[in-house]
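One structure is given here, and the rest of the page talks about it.
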Amino acid sequence: MRDQKRNGFWIALAAPGIIWLVLLFIVPFYAVLAIAMGKLDQLFESPVAVWNPLQWSSSNVIDVARDLVGSASFAGRS
């Protein structure tokens, strides 16, 4: 019984730090994905974040992947 109380104490002590670490990792990662999977403003040619994942487009990510490792890649054969 005493070991369960001790484990519960350490879990309760670590929980706020774990929550902050998750928030400080997940939120910026989601923002980067929202910009990467977003759209391009036609007038200024700047990225526009799309926050709804149902409206994300993977065409930008596929284009970058093709530019990196495709047949006409930047670092490919000359």
- Would you mention how many residues in segment 31-41 are more than 10 Å from the chain's Cα centre (by Cα), at pLDDT 85 or above and open to solvent by 70 Å² or more (accessible area, probe 1.4 Å)? 1
- Note on the structure: residue 45 meets each of (1) in a helix (DSSP H, G or I); (2) open to solvent by 70 Å² or more (accessible area, probe 1.4 Å); (3) within 17 Å of residue 64 (Cβ to Cβ) with one exception, condition (1)
- Assess whether residue 7 counts as being in contact with a Gly (Cβ under 9 Å, 6 or more places away or on another chain), of a type outside the set (Ser, Thr, Tyr) and either surrounded by 10 or more Cβ atoms within 10 Å (Cβ to Cβ) or not in a helix (DSSP H, G or I) (or both). no
- Task: Test each condition in (1) part of a loop (DSSP other than H, G, I, E, B); (2) at pLDDT below 85; (3) open to solvent by less than 90 Å² (accessible area, probe 1.4 Å) for residue 61 and report the one that comes out false.
- Result: (1)
- Flag if residue 28 is at pLDDT below 90, out of contact with any Asp or Glu (no Cβ under 7 Å at 6 or more places or on another chain) and open to solvent by less than 100 Å² (accessible area, probe 1.4 Å): no
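The values are calculated or read from the model by the stated rules, or taken from the named source; none is laboratory data. These numbers come from a predicted model, not from an experiment. Ideal geometry is used to build each Cβ from the backbone, glycine not excepted, and the neighbour counts take in all protein chains shown. Please note that ligands, DNA and RNA were not included when accessible areas were found on the heavy atoms of the full protein model with its side chains. Shrake-Rupley method; radii C 1.70, N 1.55, O 1.52, S 1.80 Å.
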